Amino acid sequence: MDVSVLFAAIAVADLEVGLAWYADLFGRAPDMPVNESESMWRCSDSAWLYVLRDAERAGSSIVTICVPDLDAVMAEFAGRGISRVPVEQVTASARKATYIDPDGNRVAVIEVRQDERAA
């Protein structure tokens, strides 16, 4: 499989509340308001997260975002009013923090460091 772009969806019941929370998470307004029911943030050259109004599916989305420095990202989030969450040690070289939006969707932020033994 050759993937050129990935779109990940987050379903919310109240679009305005959801968009406000994700604007705080990303530190900016959506990069692309698609229509009256969804908006998208560009996460990288080939990855987009979109938030859409879908009350039936709201609260059951799970997304994981890999970052180079988990502590820095958590500090950014805290500076934008998103409460700190516990950090879980997943493996010897991976840590993650799982944030929960107002609908109960889970956004995990994970840092995977190069194993020092492999260096």
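Bear in mind that the values in this text are calculations on the coordinates, not laboratory data. Treat the numbers as computed from the prediction; the structure is a model and nothing was measured. All Cβ positions, even for glycine, are placed from backbone atoms using ideal geometry, and neighbour counts span all protein chains on display.
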| query | In percent, what relative contact order does the stretch 6-112 have, based on Cα pairs under 8 Å that are 6 or more apart in sequence? | reply | 30 percent
| If the chain between Cys66 and Val85 were fully stretched, how many nm would it gain, using 0.36 nm times the residue separation less the Cα-Cα distance? | 5.2 nm
| task | Could you line up Val3, Val63 from fewest to most neighbouring Cβ atoms inside 10 Å? | result | Val3, Val63
| query | Working out 0.36 nm times the residue gap between Ala9 and Asn35, then minus their Cα-Cα distance, what length gain in nm do you get to one decimal? | reply | 7.9 nm
| If you average over every viewing direction, what projected area does the convex hull of the Cα atoms of the chain give, in nm²? | 8.8 nm²
| note | Comparing Val90, Val51, Val107 in a Gaussian network model of the chain (Cα, 10 Å), the one with the largest mean-square fluctuation is Val90
| field | Of Gly104, Ser93, Ala20, farthest towards positive along the dipole that unit charges on Lys, Arg, Asp, Glu beta carbons give the chain | value | Ser93
| query | Mean residue ellipticity at 222 nm from the helices of the chain, using -39,500 (n - 2.57) per DSSP H segment of n ≥ 4 over the full residue count, to the nearest 500 deg cm²/dmol? | reply | -5500 deg cm²/dmol
